[in-house]
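*Asks:* So that we are looking at the same thing, I have put the structure below in structure tokens.
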Amino acid sequence: MTSPISRGFHGRRPDAGAAVKLPPGQYETHDFPVLSAGPTPHTPLSEWDFTLGSVDGASARWSWAELEALPHETITRDIHCVTKWSKFDTMWNGISIDTIIEAGKAKGVASAPFIVASCDGGYTTNLPLADVTGGKAWLAVGYNGKPLPAEHGGPVRLLVPHLYFWKSAKWIRGIRFHDRDEPGFWEELGYHMRGDPWKEQRYTGDA
Ligand SMILES: Nc1nc2c(c(=O)[nH]1)N[C@H]1C(S)=C(S)[C@@H](COP(=O)(O)O)O[C@H]1N2
Ligand SMILES: [Mo]
């Protein structure tokens with residue numbers, strides 16, 4: 001008979017691994033819940049565009065085809081929703097925000113220390129520039145090797161996996177630079193301005 005101690009050790013290993021990846025107050029789910037504050041918009045790709053805007057009003061625009069022509073990366077990250085589910089090792093494809101900002105600079109759009117992302121349907125969310133640059137955020141166009149489904153934000157969503165998932169704006173249509181940190185949709189309603197899951201920055205006033 002094999003040792004029960006050895007069996008117990010092997011049996012607990014996956015849980016120990018999950019605990020390391022799970023921020024405080026979160027649980028792991030294998031589903032992919034859909035959380036939307038309104039109906040799912042369906043903008044045809046022929047009408048879709050993306051606009052990057054500076055503080056002084058300069059802007060740059062990309063059509064769907066122009067966005068698709070920019071370099072893409074495959075990204076595998078854990079995601080964490082403020083409603084307490086976390087999903088491990090989600091796989092995305094998209095364009096780094098660093099790439100978009102560099103392409104915007106070439107079109108005369110200067111950056112600033114904060115951004116607001118805006119979406120079809122009117123949703124907005126704010127982020128410090130430092131949280132979307134340096135390989136930390138993407139315009140995601142693919143999920144699990146397929147085009148991003150509309151309910152999860154397709155054709156294009158912001159992906160900022162190191163912050164609570166409300167920062168990952170679905171159906172994104174633009175990013176605007178700001179000199180000051182301006183609250184977005186949930187941030188106006190009492191959610192944290194930054195939303196770091198490892199610091200449990202859920203609501204206004206959390207550390
Ligand atoms: N445009 C838009 N983006 C959004 C939301 C939304 O309501 N509208 N909900 C946010 C919230 S609270 C979460 S948890 C995630 C959910 O993404 P999912 O539906 O792909 O799981 O999208 C975020 N991005
Ligand atoms: Mo959320």
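The values are calculated or read from the model by the stated rules, or taken from the named source; none is laboratory data. Predicted, not measured: the structure shown is a model, and the values here were computed from it. Cβ: placed from backbone, ideal geometry, glycine included. Neighbour counts: every protein chain shown. Quick note on the areas: whole protein, heavy atoms, side chains included, nothing else; ligands and nucleic acids left out. Shrake-Rupley method; radii C 1.70, N 1.55, O 1.52, S 1.80 Å.
*Asks:* Take D89 and decide whether it is acidic (D, E), surrounded by fewer than 19 Cβ atoms within 10 Å (Cβ to Cβ) and within 24 Å of T76 (Cα to Cα).
*Replies:* Yes; evaluated as a whole, the condition is true for this residue.
*Asks:* Against the definition (in contact with a His (Cβ under 7 Å, 6 or more places away or on another chain), in a loop (DSSP other than H, G, I, E, B), within 16 Å of ligand 1 (Cβ to nearest atom) and not small (G, A, S)), how does P23 come out, yes or no?
*Replies:* The answer is yes for P23.
*Asks:* List every residue pair whose Cβ atoms sit under 6 Å apart, with the two residues 6 or more apart in sequence or on different chains, where the first one lies in the range 29-54 and is within 29 Å of S86 (Cβ to Cβ) and of a type in the set (A, V, I, L, M) and the second, anywhere, is within 13 Å of ligand 1 (Cβ to nearest atom) and at pLDDT 95 or above.
*Replies:* Listed by first residue and then by second, the contacts come to V34/E151.
*Asks:* Go over the candidates I175, I95 one by one and state the one that is within 16 Å of ligand 1 (Cβ to nearest atom), closer than 16 Å to D49 by Cβ and out of contact with any Lys or Arg (no Cβ under 9 Å at 6 or more places or on another chain).
*Replies:* Only one candidate qualifies: I175.
*Asks:* Looking only at the range 99-112, decide whether some residue is surrounded by 13 or more Cβ atoms within 10 Å (Cβ to Cβ) and either within 14 Å of the chain's Cα centre (by Cα) or of a type in the set (F, W, Y) (or both).
*Replies:* No, the range 99-112 contains no residue that is surrounded by 13 or more Cβ atoms within 10 Å (Cβ to Cβ) and either within 14 Å of the chain's Cα centre (by Cα) or of a type in the set (F, W, Y) (or both).
*Asks:* Let me ask you something else. Looking only at the range 151-181, count how many residues are within 16 Å of ligand 2 (Cβ to nearest atom) and under 12 Å from A137 (Cβ atoms).
*Replies:* Looking only at that region, the number is 11.
*Asks:* Still on this model: Give the number of residues within the range 113-123 that are open to solvent by less than 40 Å² (accessible area, probe 1.4 Å) and small (G, A, S).
*Replies:* Going through the range 113-123 one residue at a time, the tally reaches 1.
*Asks:* Would you mind finding the one in G184, G134, G195, G190 that is more than 16 Å from T40 (Cβ to Cβ), within 16 Å of ligand 2 (Cβ to nearest atom) and touching a helix residue (DSSP H, G or I) at 6+ places or on another chain (Cβ under 8 Å)?
*Replies:* After applying the criteria, what remains is G195.
*Asks:* Something else: Among the listed residues A37, A112, which satisfies the condition of being among the aliphatic types (A, V, I, L, M), in a loop (DSSP other than H, G, I, E, B) and under 19 Å from A150 (Cβ atoms)?
*Replies:* Going through A37, A112 in turn, the sole match is A37.
*Asks:* Checking T90 against (1) within 12 Å of ligand 1 (Cβ to nearest atom); (2) over 23 Å from F32 (Cα atoms): exactly one of these is not met. Which one?
*Replies:* (2) is the only condition that T90 fails.
*Asks:* Which number in (1) farther than 13 Å from T124 by Cα; (2) away from ligand 1 (no atom under 13 Å from the Cβ); (3) modelled with pLDDT of 95 or more marks the one condition that A207 misses?
*Replies:* (3)
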